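Here is the structure we will look at, set down as structure tokens.
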Amino acid sequence: MAMDLAGITVFVTVAEAQSFRAASERLGVTRSAVSQAVRRLEERMGMALVQRTTRSVRLTEAGERLYESVRPALADLGAAVEAMGEMREQPSGMLRLTVSSIAERFLSGSLLAGFVAAYPDIRLDITVTDEEFDIVAEGFDAGVRLGEVIEQDMIAVAVSAEQRQIVVGSPDYLARHGAPAHPRDLTGHCCIGWRPSPQVAPYRWEFTESGRDFDVAVDPRVTTNEMRVMIQLARAGAGLTFGMEETFRPYISQAELVPLLEEFCPPFPGFYLYYPNRRNLPLKLRVLVDYLRKQRR
């Protein structure tokens with residue numbers, strides 16, 4: 001039996017509108033044309049799909065089964081056609097991203113500046129935050145986080161190399177207080193800690209020894225949610241701090257900070273752009289994904 005795609009489209013519209021009149025308005029055709037399309041489909045199927053009364057329209061059991069079967073496929077077909085249409089268009093619109101404050105390379109400027117230059121009709125709205133939330137519910141197109149905190153049902157694209165967290169201190173502080181030989185020694189040092197918000201306990205510093213992961217609950221002399229404050233205090237000799245090696249690298253190269261306990265700090269998967277698992281991505285997000293993949297290569 002040949003497929004009556006037009007008739008199926010009209011039938012699905014009637015089922016969702018529960019009215020021939022409302023379906024005709026949605027489709028921009030006459031009520032008679034809607035009625036005839038459904039009747040022809042019923043004749044092809046050899047069974048009644050719709051129960052018509054003077055006041056309402058209800059699906060028969062066969063109609064319910066057909067509707068549940070074809071509705072998802074019809075939605076996918078519509079999305080695919082829309083995606084093909086986008087290929088003729090210039091990517092445009094607002095692209096909303098939420099990015100971790102420690103995603104140093106992504107936020108450094110050059111990566112995003114190159115994307116904006118390549119796609120002048122796309123506007124970026126970037127919220128830098130370390131709070132964890134549902135990006136779909138909050139209206140974001142995508143986010144950038146460490147891979148270990150991204151939910152499994154998301155699509156993730158690497159935007160950095162492997163990362164490593166290390167302890168650092170200034171030469172002045174180390175001259176006055178000495179360097180810790182083991183992470184457990186940190187409890188005897190002045191520490192500068194991080195927490196995402198005042199309601200959350202300070203982050204526990206994480207290490208690995210002989211293949212075993214463990215953490216140290218340091219008692220920070222200073223706690224903040226701003227990495228720049230942590231860096232400036234550490235450079236000034238106020239204490240030891242802990243964070244991404246990538247963030248500290250410029251200060252280490254200038255001998256303003258000294259890396260410590262590196263043998264207890266192995267690398268781990270880095271930052272990823274993540275977004276919901278959709279069959280057809282919006283063009284503005286698709287070009288960002290392609291751009292980041294090219295930059296990684």
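Among the residues of region 284-297, is there at least one that is of a type in the set (A, V, I, L, M, F, W, C), in contact with a helix residue (DSSP H, G or I) (Cβ under 7 Å, 6 or more places away or on another chain), outside any helix (DSSP H, G or I) and on the phi < 0 side of the Ramachandran plot?
No: region 284-297 contains no residue that is of a type in the set (A, V, I, L, M, F, W, C), in contact with a helix residue (DSSP H, G or I) (Cβ under 7 Å, 6 or more places away or on another chain), outside any helix (DSSP H, G or I) and on the phi < 0 side of the Ramachandran plot.
Taking interchain pairs and intrachain pairs at least six residues apart, which have beta carbon atoms under 6 angstrom, with the first residue in region 5-17 and on the phi > 0 side of the Ramachandran plot and of a type in the set (A, V, I, L, M) and the second at pLDDT below 85 and part of a helix (DSSP H, G or I)?
Note: no pairs meet the criteria.
Which members of region 16-30 meet the condition of being open to solvent by 40 Å² or more (accessible area, probe 1.4 Å) and in contact with a helix residue (DSSP H, G or I) (Cβ under 7 Å, 6 or more places away or on another chain)? First the steps, then the outcome.
Going residue by residue through region 16-30, those that are open to solvent by 40 Å² or more (accessible area, probe 1.4 Å) are 16, 18, 21, 25-30.
Across region 16-30, the qualifying residues are R21, R26, L27, T30.
Could you look through region 52-68, keep only residues that are assigned to a helix (DSSP H, G or I) and within 19 Å of D4 (Cβ to Cβ), and pick out the one that is most open to solvent (accessible area, probe 1.4 Å)? Reasoning before the result, please.
Applying the first criterion (assigned to a helix (DSSP H, G or I)) to region 52-68 yields 61-68.
Filter once more, so that each one left must be within 19 Å of D4 (Cβ to Cβ): 62-68.
On the way: A62: 31, G63: 0, E64: 86, R65: 171, L66: 29, Y67: 34, E68: 103 Å².
Among residues in region 52-68 that are assigned to a helix (DSSP H, G or I) and within 19 Å of D4 (Cβ to Cβ), the one most open to solvent (accessible area, probe 1.4 Å) is R65.
Out of the residues in region 37-51 that are touching a residue at least 24 places away in the same chain (Cβ under 8 Å) and not in a helix (DSSP H, G or I), which is farthest from A17 (Cα to Cα)?
Looking at the filtered set, the residue picked out is L49.
Return yes or no: is L27 at pLDDT 85 or above and within 14 Å of T9 (Cα to Cα)?
no
Taking the condition of being out of contact with any Ser or Thr (no Cβ under 9 Å at 6 or more places or on another chain) and assigned to a strand (DSSP E or B), how many residues in region 241-267 meet it?
The qualifying residues number 6.
Where residues in region 236-262 are among the charged types (D, E, K, R) and farther than 22 Å from L107 by Cα, which of them is surrounded by the fewest Cβ atoms within 10 Å (Cβ to Cβ)?
Filtering first and then ranking leaves E262.
Pairs please, first residue from region 144-164 and more than 17 Å from S101 (Cβ to Cβ), second anywhere and in a loop (DSSP other than H, G, I, E, B) and among the hydrophobic types (A, V, I, L, M, F, W, C), Cβ atoms under 9 Å, 6+ apart in sequence or on different chains.
Sorted first by the residue in region 144-164, then by its partner, the pairs are M154/I135; I155/L281; A156/I150; R164/C265.
Search region 102-129 for residues being farther than 22 Å from R228 by Cα and crowded, with 16+ Cβ neighbours inside 10 Å, and hand back the single one that is farthest from the chain's Cα centre (by Cα).
My answer is Y119.
Which members of region 31-51 meet the condition of being open to solvent by 60 Å² or more (accessible area, probe 1.4 Å) and either of a type in the set (S, T, N, Q) or modelled with pLDDT under 80 (or both)?
Answer for region 31-51, where residues must be open to solvent by 60 Å² or more (accessible area, probe 1.4 Å) and either of a type in the set (S, T, N, Q) or modelled with pLDDT under 80 (or both): S32, Q36, Q51.
Could you check region 196-222 and list, in sequence order, the residues that are within 23 Å of L107 (Cα to Cα) and open to solvent by less than 50 Å² (accessible area, probe 1.4 Å)? Before the answer, list the steps.
Taking region 196-222 first, the residues within 23 Å of L107 (Cα to Cα) are 196-197, 203.
The answer is P196, S197.
The values are calculated or read from the model by the stated rules, or taken from the named source; none is laboratory data. Treat the numbers as computed from the prediction; the structure is a model and nothing was measured. Here the Cβ is made from the backbone with ideal geometry for all residues, glycine too, and neighbour counts use every protein chain on show. Note: areas computed on protein heavy atoms with side chains; ligands, DNA, RNA excluded. Shrake-Rupley method; radii C 1.70, N 1.55, O 1.52, S 1.80 Å.
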